[in-house]
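Asker: Below are the structure tokens for one structure; questions will follow.
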Amino acid sequence: MVDQIASKKYDHTVQCKREKDKMDVHFSHHCGENIDLSEEKQKASWNHKYSGGIAFSSQPLRQNTKLKLDLTGTGHAYVGIIKRDPASVTNMRTALVSDIVVATEVKVHKRLGAVNIISDTKDGRNCISFESYNGTKAIDINSEVWLFLYIKFGDMIAVLHSETIQDRCFHHVTGCNIRCLDEDRRSVKLLVENPAAVCCLNKKLKPGHSVTFQTKAITENRNKPSRCHIKLGIINLDPSELKSRDPESFLVDSKIACPTRWNIVQIFLKENIDGELKLYFTHTGELYFSHDSGIEGTHKCHLNDTSSGISIILDLFRAEASVSDYHHEESGEFEEKDYDYVRPEVEISETIKKKLQISDKQHEKERSSRDRLSEDSGYLEMEDVSDNHKTLSPNCKISPRLTRCGMYRKTHSSSNVQECK
């Protein structure tokens, strides 16, 4: 009875500690401008605000002329007019709000989305008609106007066609996130397809620590978007250092000559986004990841120094992620004989298990040479420890509880040897 009460008290203490750890670990306020954080910063969501993908026609649209804008690939764009010379635009964001008239919205996914622009006179009024799969919209004009294109996101390529040579190219003034694909300036696309959409944990994931995310796609009209992803990345810089060295990833308007990029560990696409994503960082410098979709693996962190931990980065596109669990052991809570880290109880494949076993053996060899120099009076080394204690059971289910593997200690109330759980 006493043991049961003590066990329940211990479980309650561990649970309270895990809840505190979870609240202490959240997404950093250093995140991309196209990311929204919840009030408590436990959830990060992709929310497009600005891409910098703005382009204009090089010449004003003249009467009785026809242009065609071909949009191919996958992406989302707005097409319309601007009522001032693009050369006079000094702030693209301001112009996007005050000087632009949107005529049509074009969404394409691996197909052609064409917009025909016809300048004409109807009932004594000058107007420009925009014809697309969304229908036809006419805009009355009483002064010079230029064609306006705004690519929100995607690998969409825009190509301008005209019967006259001078009308076939885009203006030299563009947004900060767009580039021309040819010398004639007839085709343009985004430099970064999904700009400023990164988020980071506020604390580094240190060796022996694990974190769990709930990930999902952001639905549109109750349906999954045609294209979405979550990129998992790592770097040994903390969020503030990363933002100072690579502001281009956080603010669309920022320009930097040599941006710092993180290492991409895994990309979760549309069919593999929804579910639970577990990460565990080993003392041997490997990041183990496992997702409910069945994707799992290990990534060797070839960084300068991993002893202080690694920053976890998520690049979101039409997706969101929430911190659901975080766990680590206090340094003075336990001391180990065989291993000095904890590992999450997860179901892993034989291939991944063998990799982890190899890492365990290398780590154990390094530890054993150091352990001979010190005494460990509080622990007993068991000669009959089976391999199952040192590896993960292939039949165990994903669980938020962490357990120490291959390690025994004495309790204060009894001289019996007990397995630490």
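The values are calculated or read from the model by the stated rules, or taken from the named source; none is laboratory data. Please read all numbers here as calculations on a predicted model, not as lab measurements. Reconstructed Cβ throughout: ideal geometry from the backbone, glycine too, with neighbour counts over all protein chains shown.
Asker: State all residues of region 34-57 that are within 30 Å of Asp85 (Cα to Cα), in contact (Cβ under 8 Å) with a residue 40 or more places away in the chain and surrounded by fewer than 18 Cβ atoms within 10 Å (Cβ to Cβ); if no residue qualifies, say none.
Answerer: His48
Asker: Working only within region 120-139, note down all residues that are modelled with pLDDT of 90 or more, of a type outside the set (A, V, I, L, M, F, W, C) and more than 11 Å from Leu71 (Cβ to Cβ).
Answerer: Answer for region 120-139, where residues must be modelled with pLDDT of 90 or more, of a type outside the set (A, V, I, L, M, F, W, C) and more than 11 Å from Leu71 (Cβ to Cβ): Ser129, Glu131, Gly135, Thr136, Lys137.
Asker: Before we move on, is Arg227 in contact with a strand residue (DSSP E or B) (Cβ under 7 Å, 6 or more places away or on another chain) and assigned by TED's automatic domain parsing to the domain that holds Arg111?
Answerer: In short, no.
Asker: Got a sec? Which of Cys228, Cys180, Cys200 is touching a Cys at 6+ places or on another chain (Cβ under 9 Å) and touching a residue at least 60 places away in the same chain (Cβ under 8 Å)?
Answerer: Cys200
Asker: Can you name every residue in region 172-188 that is aliphatic (A, V, I, L, M), outside any strand (DSSP E or B) and farther than 16 Å from Thr94 by Cα?
Answerer: To start, the set of residues in region 172-188 that are aliphatic (A, V, I, L, M) comprises 173, 178, 181, 188.
Next, from what is left, pick out any that are outside any strand (DSSP E or B): 173, 181.
Across region 172-188, the qualifying residue is only Leu181.
Asker: Hey, could you check region 152-171 for residues that are of a type in the set (S, T, N, Q) and either in contact with a strand residue (DSSP E or B) (Cβ under 7 Å, 6 or more places away or on another chain) or part of a strand (DSSP E or B) (or both) and say which is modelled with the lowest pLDDT?
Answerer: Within region 152-171, the first condition is being of a type in the set (S, T, N, Q), and the residues that meet it are 162, 164, 166.
Narrowing the set further to residues that are either in contact with a strand residue (DSSP E or B) (Cβ under 7 Å, 6 or more places away or on another chain) or part of a strand (DSSP E or B) (or both) leaves 162, 166.
Values: Ser162: 89, Gln166: 76.
Among those that are of a type in the set (S, T, N, Q) and either in contact with a strand residue (DSSP E or B) (Cβ under 7 Å, 6 or more places away or on another chain) or part of a strand (DSSP E or B) (or both), it is Gln166.
Asker: What about Ile128, is it under 16 Å from Ala55 (Cα atoms) and among the hydrophobic types (A, V, I, L, M, F, W, C)? Working first, answer last.
Answerer: Details: under 16 Å from Ala55 (Cα atoms): no; among the hydrophobic types (A, V, I, L, M, F, W, C): yes.
So Ile128 does not fit the description; no.
Asker: Something else now. Taking Gly124 and the conditions (1) farther than 19 Å from Ile178 by Cα; (2) surrounded by 14 or more Cβ atoms within 10 Å (Cβ to Cβ), which numbered condition does it fall short on, given that it satisfies the others?
Answerer: Exception for Gly124: condition (2).
Asker: Restricting the search to region 134-159, which residues are in contact with a helix residue (DSSP H, G or I) (Cβ under 8 Å, 6 or more places away or on another chain) and farther than 25 Å from Ser226 by Cβ?
Answerer: Of everything in region 134-159, just one residue is in contact with a helix residue (DSSP H, G or I) (Cβ under 8 Å, 6 or more places away or on another chain) and farther than 25 Å from Ser226 by Cβ, namely Trp146.
Asker: Give the residue that is surrounded by the most Cβ atoms within 10 Å (Cβ to Cβ), with candidates limited to residues of region 142-151 that are more than 33 Å from the chain's Cα centre (by Cα) and modelled with pLDDT of 90 or more.
Answerer: Kept after step one, since they are more than 33 Å from the chain's Cα centre (by Cα), are these residues of region 142-151: 142-147.
Next cut, modelled with pLDDT of 90 or more only: 144-147.
On the way: Glu144: 14, Val145: 21, Trp146: 20, Leu147: 27.
Among them, the one singled out is Leu147.
Asker: Looking at Cys127 and the list (1) in a loop (DSSP other than H, G, I, E, B); (2) at negative phi; (3) among the hydrophobic types (A, V, I, L, M, F, W, C), which single condition is not satisfied?
Answerer: It fails just one condition, (1).
Asker: Residues to consider are Lys122, Lys110; find the one that is closer than 30 Å to Pro225 by Cα, assigned by TED's automatic domain parsing to the domain that holds Val173 and of a type outside the set (Phe, Trp, Tyr).
Answerer: Lys110
Asker: Next question. Within region 302-325, how many residues are assigned to a loop (DSSP other than H, G, I, E, B), within 22 Å of Lys243 (Cβ to Cβ) and in contact with a strand residue (DSSP E or B) (Cβ under 6 Å, 6 or more places away or on another chain)?
Answerer: The number of residues fulfilling the criteria is 1.
Asker: A further question on this structure: It is to be established whether one or more residues within region 262-273 are polar (S, T, N, Q) and either buried (at least 20 other Cβ atoms within 10 Å of the Cβ) or farther than 29 Å from Ser51 by Cβ (or both).
Answerer: No, the conditions are met nowhere in region 262-273.
Asker: Can you tell me which residue within region 22-44, out of those that are over 15 Å from Ser324 (Cα atoms) and either small (Gly, Ala, Ser) or not assigned by TED's automatic domain parsing to the domain that holds Leu242 (or both), is farthest from the chain's Cα centre (by Cα)?
Answerer: Checked region 22-44; the qualifying residue farthest from the chain's Cα centre (by Cα) is Ser28.
Asker: Can I ask one more? Among the residues of region 49-104, write down those that are in contact with a helix residue (DSSP H, G or I) (Cβ under 9 Å, 6 or more places away or on another chain), in a loop (DSSP other than H, G, I, E, B) and closer than 27 Å to Ala196 by Cβ.
Answerer: Tyr50, Gly52, Arg84, Val89
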